[in-house]
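Peer 1: Right, I'll just put the structure down here and ask away after.
Derivation of every value follows stated rules applied to the coordinates shown; laboratory data play no part. All values derive from a computational prediction rather than experimental measurement. Because the Cβ atoms are built from the backbone with ideal geometry, glycine has one as well, and the counts that use them run over all protein chains shown.
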Amino acid sequence: MRRTTLDLWVGFFVIIGMAALIFLAFKVGNLGAANGGETYVVNGQFDNIGGLKVRAPVKSAGVVVGRVKEIRFDPTTYRAVVALSLDASYKFPRDTIATILTSGLLGEQYVGLEPGGDEAMLQTGDALQITQSAVVLEKLIGQFMFDKAAEGSTPAN
Amino acid sequence: MNGLLNFIRRLGAAAVEGVWRIGFAARFFVLLLRHSGQSLTRIHLTVREIYFSGVLSLLIIVVSGLFVGMVLGLQGYETLQRYGSGDALGVLVSLSLTRELGPVVAGLLFASRAGLAVTAEIGLMKTTEQLDAMDMMAVNPIARVVAPRFWGGVISMPLLAALFSAMGVLGGWLIGVVFIGVDNGAFWSQMQAAVDFRFDIMNGVIKSFVFGATVALIAVFEGYDCTPTAEGLSRAITRTVVTSALAILALDFVLTSLMFRGQS
């Protein structure tokens, strides 16, 4: 085969391969979406984070506004510290409430943000003052059964 | 007693032979890297090999990718639908393709389509004493024949794996959205929310790169090392396919446990 034809085919092959990679990056992956933009990091302390994982979404009004960046345990307060990396184009008031929620009954856990009314906005390194822990289903069931048992034993007295 | 001794002796011989081959392959690899300069300065040698191992593998990669994606779409939808989350089909298809199936299946196909051809070519050159003839003419056969084929494989493989994953996602989309009727927006948006570029796609690319280098090295080594007879050549070709497949699967397990363990 002539060398120019060969070069043409190889060039064609490289272009197709690169196009596939770009397709994967932009259409399948989230490059160019929330990941590419500037972010700022705020911390929140939770009593219990349940099954929250790093890279879980942070949503406000159901829209993804950031991701969980880091989860660590604070040995002085005995609480979990969750670092949230939020898209810089979304500003939240300083008294925003962070709640750990579950999408659906068995879905993944995410952090929900409910904006407050403060004039000042959150900045990098700020801490979220009001947080609400994850609902632990076992505890809820235990409490329910305990209440039922207590109810049942009252008339017998 | 004698039988037992014989058995132990044979085991020892096999072990020594195995270690010797690994050592020989490692020295061969170092030699190959040392003589790789020429395959980069005389780039048309490598381009020719990219044509033979990359361009000619396009058809099988594209068709297999499409069909694997379509099967994933069908099977995944059946199971997901049972839990009422058919919308997550895009996540299932794209994650399984970019993380595992793309690099692994493309690697297996690449080993049997391109690696085998390289072994046969180099093995036949050795059998017909073309490599020795080159040596006599002061042309280094490793620099002239082996290194371009190795680098051709290393360059082709990641591109083929990316193409395989992309075609697979399109196949899943075809079945899921066009034929079954999963919502188009949910398919893509859930996929984009779940697939991370650095974590999922780049790790897949790294995997395919490692597999490409492994398959290419095994192919050129088996060809170069084959016994120069018709039977030796056929054995070398068989060994290329078997060893490449085993190496890909073993390396995939190691890489997956390094990359994805304990994370989401």
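Peer 1: Given 10 Å bins starting at zero, what is the percent of C-alpha pairs of the stretch B:141-209 in each, up to the one with the largest pair distance?
Peer 2: Here the calculated profile for the stretch B:141-209 is 17, 34, 26, 13, 7, 2.
Peer 1: Separate question: Using Cβ counts within 10 Å as a stand-in for footprinting exposure, how do B:V178, A:V81 rank, fewest first?
Peer 2: Arranged by neighbour count, lowest to highest, B:V178, A:V81 become B:V178, A:V81.
Peer 1: May I pose another question? In terms of the Cα gyration tensor, with a ≥ b ≥ c the square roots of its eigenvalues, is the stretch A:82-131 rounded because a/c is under 1.5, prolate because a/b exceeds b/c, or oblate?
Peer 2: Values: a/c = 2.26, a/b = 1.88, b/c = 1.20.
It comes out prolate by the Cα gyration axes.
Peer 1: Taking the beta-carbon count within 10 Å as an exposure proxy, list B:T119, B:T128, A:T131 from fewest neighbours to most.
Peer 2: So the residues, fewest neighbours to most, are B:T128, A:T131, B:T119.
Peer 1: Given Cα pairs under 8 Å that are at least 6 residues apart, what percent is the relative contact order of chain B?
Peer 2: Values: 343 pairs, mean separation 81.1, N = 264.
Value for chain B: 31 percent.
Peer 1: Show me the three semi-axes of the equivalent ellipsoid for the protein assembly as shown, from the C-alpha gyration tensor (sqrt of 5 times each eigenvalue), largest first, rounded to whole Å.
Peer 2: Values: eigenvalues 573, 144, 93 Å².
With the √(5λ) rule applied to the protein assembly as shown, the semi-axes are 54, 27, 22 Å.
Peer 1: What ratio of Cα Rg to 2.2 N^0.38 Å holds for the stretch B:1-112?
Peer 2: 1.77
Peer 1: Can you put B:Y83, B:Y77 in order of Cβ neighbours within 10 angstrom, beginning with the fewest?
Peer 2: Numbers: B:Y83 10, B:Y77 22.
In increasing order of surrounding Cβ atoms, one gets B:Y83, B:Y77.
Peer 1: Can I ask one more? Would you kindly calculate the mean projected area, averaged across all directions, of the convex hull enclosing the Cα atoms of the stretch A:39-142, in square nanometres?
Peer 2: Quarter of the Cα hull surface area: 6.8 nm².
Peer 1: Here is a further query. Quick one: angle between helix B:58-82 and the longest Cα principal axis of chain B, in degrees between 0 and 90, rounded to 10, please.
Peer 2: 40 degrees
Peer 1: What ratio of Cα Rg to 2.2 N^0.38 Å holds for the stretch B:118-177? Numbers along the way, then the final one.
Peer 2: Values: Rg = 19.0 Å, N = 60, 2.2 N^0.38 = 10.4 Å.
So the Cα radius of gyration is 1.82 times the expected 2.2 N^0.38 Å.
Peer 1: A further question on this structure: Please give the peptides B:133-139, B:219-225 ranked by average Cβ packing (other Cβ atoms within 10 Å per residue), highest first, as a rough proxy for protection.
Peer 2: B:219-225, B:133-139
Peer 1: Between A:S153 and A:D95, how high is the FRET efficiency from 1/(1 + (r/R0)^6) when r is the Cβ-Cβ distance and R₀ = 56 Å? Nearest 0.05.
Peer 2: 0.80
Peer 1: Once fully extended, how much extra length lies between B:R239 and B:Q75, figured as 0.36 nm per residue of separation less the alpha-carbon to alpha-carbon distance?
Peer 2: 55.7 nm
Peer 1: What angle do you read, to the nearest 10 degrees and between 0 and 90, between the alpha-carbon axis of helix B:230-259 and the longest principal axis of chain B?
Peer 2: 40 degrees
Peer 1: Next question. Among B:F179, B:Y83, A:Y110, flag the residue with its Cα farthest along the positive direction of the charge dipole of the protein assembly as shown, charges on Cβ as +1 for Lys/Arg and -1 for Asp/Glu.
Peer 2: B:F179
Peer 1: Using Cα-Cα distances under 8 Å and only pairs 6 or more residues apart, what relative contact order does the stretch B:100-252 have, in percent? Write down the numbers at each step before the final one.
Peer 2: Values: 167 pairs, mean separation 73.3, N = 153.
Contact order relative to length: 48 percent.
Peer 1: Roughly how tilted is helix A:137-153, in degrees to the nearest 10 and between 0 and 90, from the longest Cα axis of chain A?
Peer 2: Approximately 20 degrees, to the nearest 10.
Peer 1: In nanometres, what is the gap between the two model label sites at A:K139 and A:T76, each 7 Å from Cα along Cα-to-Cβ?
Peer 2: 2.4 nm
Peer 1: Could you work out the per residue convex hull volume over the alpha carbons of the stretch B:35-259, in cubic angstrom?
Peer 2: Details: hull volume 28.3 nm³, N = 225.
In the stretch B:35-259, the Cα convex hull volume per residue is 126 Å³.
Peer 1: Follow-up. Picking from B:G69, B:G23, B:G54, which is most flexible by a Gaussian network model of chain B using Cα springs under 10 Å?
Peer 2: B:G23
Peer 1: While we're on this one: Using the beta-carbon distance between B:D135 and A:I130 and R0 = 56 Å, what value does 1/(1 + (r/R0)^6) give for FRET efficiency, to the nearest 0.05?
Peer 2: 0.10
Peer 1: Ok, one more. Evaluated at 10 °C with a viscosity of 1.306 mPa s, what Stokes-Einstein diffusion coefficient in µm²/s does the stretch B:68-186 have when Rh comes from the Kirkwood expression over alpha-carbon pairs?
Peer 2: 94 µm²/s
Peer 1: Helix-only mean residue ellipticity at 222 nm, the protein assembly as shown, DSSP H runs n ≥ 4 weighted -39,500 (n - 2.57), per residue, nearest 500. What is it?
Peer 2: The helix-only estimate for the protein assembly as shown comes to -19000 deg cm²/dmol at 222 nm.
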